[in-house]
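Below: the structure, in structure tokens.
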Amino acid sequence: MDPSPHDAASRAQELQRNWYGEPLGDLFRRLIGDLGLNQARLAGVLGLSAPMLSQLMSGQRAKIGNPAVVQRLQALQDLAGHVADGSVTSAEATSRMDDIRQSSGSSVLTGTTHSSTSGSAAGSARHVVRDIQSLLRAVASAEEIAEAANTLASSHPQLAEFLHVYGAGRTAEAITHYEAHQG
């Protein structure tokens with residue numbers, strides 16, 4: 001017997017919760033509200049088609065397959081936080097969304113970010129951390145990364161710490177870790 005569409009959507013949303021911290025429908029709706037977007041504009045900034053965005057929101061699809069889209073999503077989350085705390089105006093947010101839309105993400109091979117955005121050292125640390133998080137989360141869920149870190153903890157404690165902090169931890173903690181380990 002085939003699972004019902006509701007059961008399939010519930011499973012997809014649970015996977016999204018593991019991979020992205022919450023169901024994408026909740027995340028996308030919050031970004032739409034926080035940044036004053038509509039679904040079509042959000043899809044455009046992320047580099048998704050409107051139907052793909054809708055499928056991710058409803059749980060018809062579970063995973064964002066393109067790491068550059070995941071990075072753009074993380075950049076939008078960061079931007080929404082800055083708008084919420086008042087450090088970025090609505091006009092600045094609109095300009096930054098254009099920059100995010102035009103960004104092509106990171107190159108796994110070179111470790112460089114190809115984006116028209118730039119900023120302070122703190123902003124740079126945030127971008128590096130987001131790139132690392134995106135790469136890790138593109139290959140495994142936070143739960144899987146934490147499990148791998150626990151497996152490595154006794155034989156490779158520093159690698160286990162890295163996986164916990166960047167793969168399963170919060171961005172703020174990862175930025176603090178990153179800054180503490182720089183030159």
Task: the chain - percent of accessible surface contributed by carbon and sulfur, probe 1.4 Å - done: 53 percent
Task: Where the range 19-80 is the region considered: accessible area per residue in Å², 1.4 Å probe - done: 40 Å²
- [ ] Work out how far the C-alpha atoms of the range 1-102 reach from end to end along every principal axis, then list the three figures in whole Å, largest first.
- [x] 52, 24, 22
TODO: For the range 1-100, calculate the relative contact order in percent as a whole number, restricting contacts to Cα pairs under 8 Å that are 6 or more residues apart.
DONE: 28 percent
Open item on the list: Using a Gaussian network model on the chain with a 10 Å cutoff between Cα atoms, which of A138, A84, A168 fluctuates the most?
Closed with: A84
Task: the chain: relative contact order as a whole-number percent, Cα under 8 Å and 6+ apart - done: 18 percent
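The values are calculated or read from the model by the stated rules, or taken from the named source; none is laboratory data. Not measured: the values here are computed from a predicted model. The protein model used for the area step is the full one, side chains on, heavy atoms only, and it has no ligands, DNA or RNA in it. Shrake-Rupley method; radii C 1.70, N 1.55, O 1.52, S 1.80 Å.
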